1. Name the residue, out of Val81, Val27, Val85, that is farther than 23 Å from Leu116 by Cβ and among the β-branched types (Val, Ile, Thr).
2. Could we say that Thr61 is under 22 Å from Met119 (Cβ atoms) and touching a residue at least 12 places away in the same chain (Cβ under 8 Å) here?
3. Output the residue which, of all residues in the stretch 1-13 that are open to solvent by less than 70 Å² (accessible area, probe 1.4 Å) and among the charged types (D, E, K, R), is modelled with the lowest pLDDT.
4. Please determine whether any residue of the stretch 103-116 is under 21 Å from Asp11 (Cα atoms), free of Cβ contacts under 8 Å to residues at least 60 places away in the same chain, in a helix (DSSP H, G or I) and among the hydroxyl-bearing types (Ser, Thr, Tyr).
Amino acid sequence: MLSKGTKSEEDKRIESIVTKLSSIGFVPEDASIVQELDGELKKIGLTYQELLTMNADELPTHIHRFNFGWNHMEQLADILVQWSVKEPVLQPKAKAIYQYVQNESRAFSFQIMAKLAKM
């Protein structure tokens, strides 16, 4: 269990990662963008290529191991949904994250259910 101070630092670190990922103009064929993505994804033990090839069911547990809270996991799934317009393989991964949050958080979310219904 993380202490309150450590948890706050960890939340800030994760928020920074999610914010940076959401700010990247996603162009998968641009090598500099992929390199920038790799730099951020490395902080959670991934590369862009690993993100593409990872089994959708493994991704939620992988990012949860990096102390992502439910809200940050949902934000990451939102980013993957946006990116899936140009990289369709990411949509099932986003769906898996939404389902994981819905099932494991033990709190029903109409917002997540609406996002799942749109997929």
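1. Val27
2. Considered against the rule, which asks whether it is under 22 Å from Met119 (Cβ atoms) and touching a residue at least 12 places away in the same chain (Cβ under 8 Å), Thr61 comes out as yes.
3. Result: Glu10.
4. Looking for residues that are under 21 Å from Asp11 (Cα atoms), free of Cβ contacts under 8 Å to residues at least 60 places away in the same chain, in a helix (DSSP H, G or I) and among the hydroxyl-bearing types (Ser, Thr, Tyr), one finds none in the stretch 103-116, hence no.
Here is a yes/no grid of residues against (1) more than 11 Å from the chain's Cα centre (by Cα); (2) buried (at least 18 other Cβ atoms within 10 Å of the Cβ); (3) farther than 13 Å from Ile17 by Cα:
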{"residue": "Ile33", "(1), (2), (3)": "yes, no, yes"}
{"residue": "Leu37", "(1), (2), (3)": "yes, yes, no"}
{"residue": "Lys42", "(1), (2), (3)": "yes, no, no"}
{"residue": "Asn55", "(1), (2), (3)": "yes, no, yes"}
{"residue": "Pro60", "(1), (2), (3)": "no, yes, yes"}
{"residue": "Asn67", "(1), (2), (3)": "yes, no, no"}
{"residue": "Leu76", "(1), (2), (3)": "no, yes, no"}
{"residue": "Pro88", "(1), (2), (3)": "yes, no, yes"}
{"residue": "Ala94", "(1), (2), (3)": "no, yes, yes"}
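The values are calculated or read from the model by the stated rules, or taken from the named source; none is laboratory data. Note that the structure is predicted; figures quoted are calculated from it, not measured. Cβ: placed from backbone, ideal geometry, glycine included. Neighbour counts: every protein chain shown. Ligands, DNA and RNA are stripped out before the accessible areas are found, and what is left, the full protein with its side chains, is counted by its heavy atoms. Shrake-Rupley method; radii C 1.70, N 1.55, O 1.52, S 1.80 Å.
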